[in-house]
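Just so it is clear, none of the values below were taken in a lab; they were calculated from the coordinates. It should be emphasised that the depicted structure is a prediction, and the values quoted were computed from it without experimental measurement. We place every Cβ from the backbone using ideal geometry, glycine too, and count neighbours over all the protein chains shown.
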Amino acid sequence: MIVPADAGGIRRAAALLRAGSVVAFATETVYGLGADAFSEKAVAEVYRLKNRPSWNPLIVHVPDVAAARGLAREWPEVADRLAAAFWPGPLTLVVERAPHLTQVGADTGTIAVRVPAHPVALRLLEACGLPLAAPSANRSEGISPTTAEHVLRSLPDVPLVLDGGPASWGIESTVLDVTGPVPRLLRPGALGLREIREVTGKVLLPEDVADGSARPSPGMSKRHYAPRATVVLTDEVDLALVDGTVGVLTYETADVPGAEILSADPREYAADLYAALHRLDDAGVATILVKSPPDTEEWLAIRDRLGRAAA
Ligand code: TXA
Ligand code: MG
């Protein structure tokens, strides 16, 4: 059930988490499905509810940098600078995992951590006093939820959803591996590369690692973030193709009845993207024609998600 994130709601959610259950909650990126990161039972329930493959590790959410350090074997200097610049916020750092933590993180011996900025997430972390493993609160491969209602539609068996309103970023955090000499982008996301480079200098992109030596991000499967309908990316939407079974997602004024028209500003586009895909699914279309956004760095995360939705 959906509960408002007032004092009573936070208390109930924290009690469930301390008892080893799971709770969905608002973050500034997308809604997360949270579990005590140290509870094998709770984490297993997250995987079961999402139908998530066991090889795909979870991000651990913590209230501050000190708590993040406590999960790491090594905390590189660049992680401190990134945390100072962007936490709380939509940046996830992959670091070497502390040796005593066997049940969280990736098989590669690393752990992904972030301090979320949404007041509901922060209040929940404070109230439960636990690091919260939290993937996006949707069935594996589906569209990430940006509202409490999206969560329940995708995961009707979640015991409690803490409603914090629509997610302001609307797209997942940027995942950056800082275990090597040069930070490496694992997943483009809400925080842009330009902002990150201002702190770190160079950032390696996935295609920069040509010899396959780097550890890949386990979660970047080809098909992901996908609505029920088939997504087709196109440079120009062909209006002749549009009928009741075909929906259109575009980002500038277009004379297509029923089309989802998003902003031409990438930040605003991202904030609406998943909700628009949810609406098109609700409309029952079989195909969604999506006008391809520009091939520029500002649109990197959006193009990544649309590409996987279409795969
Ligand atoms: O914005 C977000 O990051 C949201 C909110 C809820 O915080 N969470 C989220 O989690 O998107 P999830 O599980 O849907 O995506 C986590 C991504 C996956 O691609 C996963 O493979 C990667 O992070 N990941 C997690 N732990 C990792 C690790 N130790 N090494 C490399 N990649 C990791
Ligand atoms: Mg996800």
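Annotation: aspartates and glutamates with alpha-carbon distance below 15 angstrom to K50 (same-chain offsets under eight excluded): E141, D157.
Within the listed set A271, A19, A117, the Gaussian network model of the chain (springs between alpha-carbon atoms below 10 Å) gives the highest mean-square fluctuation for A19. With 0.36 nm allotted per residue and the present C-alpha distance subtracted, the T230-I2 stretch has 79.1 nm of extension available. Here the range 37-189 carries DSSP beta bridges of which approximately 60% are antiparallel, counting only pairs with both residues inside. Potential lengthening of the chain between R139 and D282 amounts to 49.8 nm, from the contour at 0.36 nm per residue minus the alpha-carbon distance. Under the combined filter of DSSP loop state and at most 11 neighbouring Cβ atoms within 10 Å, the range 139-213 retains none of its GluC sites (Glu not before Pro).
Of all lysines in the structure, those lying under 21 Å Cα to Cα from K291, and not within fewer than 8 positions of it along the same chain, are K222.
Between the range 126-174 and the range 109-125, the C-alpha centres lie 12 angstrom from each other. Evaluate the relative contact order of the range 21-140 (contact order divided by residue number), counting alpha-carbon pairs under 8 angstrom at least 6 apart; express in whole percent. It rounds to 40 percent for the range 21-140. The sum of -39500 (n - 2.57) across all DSSP H runs of n ≥ 4, divided by the residue count of the chain, sets its helix-only mean residue ellipticity at 222 nm to -8500 deg cm²/dmol. Counting only other residues whose beta carbon sits under 14 Å from that of I10, what net charge do I get with K and R as +1, D and E as -1? Residues near I10 contribute +1 overall.
Kirkwood radius for the chain, taken over all pairs of different Cα atoms as the inverse mean of 1/r, rounds to 19.8 Å. GNM on the chain, alpha-carbon springs under 10 angstrom: the most fluctuating residue among P159, P206, P99 is P99. Divide the volume of the convex hull around the Cα atoms of the range 99-177 by the residue count and you get 133 Å³ per residue. I want to verify a result. In a Gaussian network model of the chain, Cα cutoff 10 Å, which of these has the top mean-square fluctuation: A229, A83, A240? Checking each option, the largest mean-square fluctuation is seen for A240.
The orientation-averaged projection of the convex hull spanning the C-alpha atoms of the range 1-92 amounts to 7.1 square nanometres.
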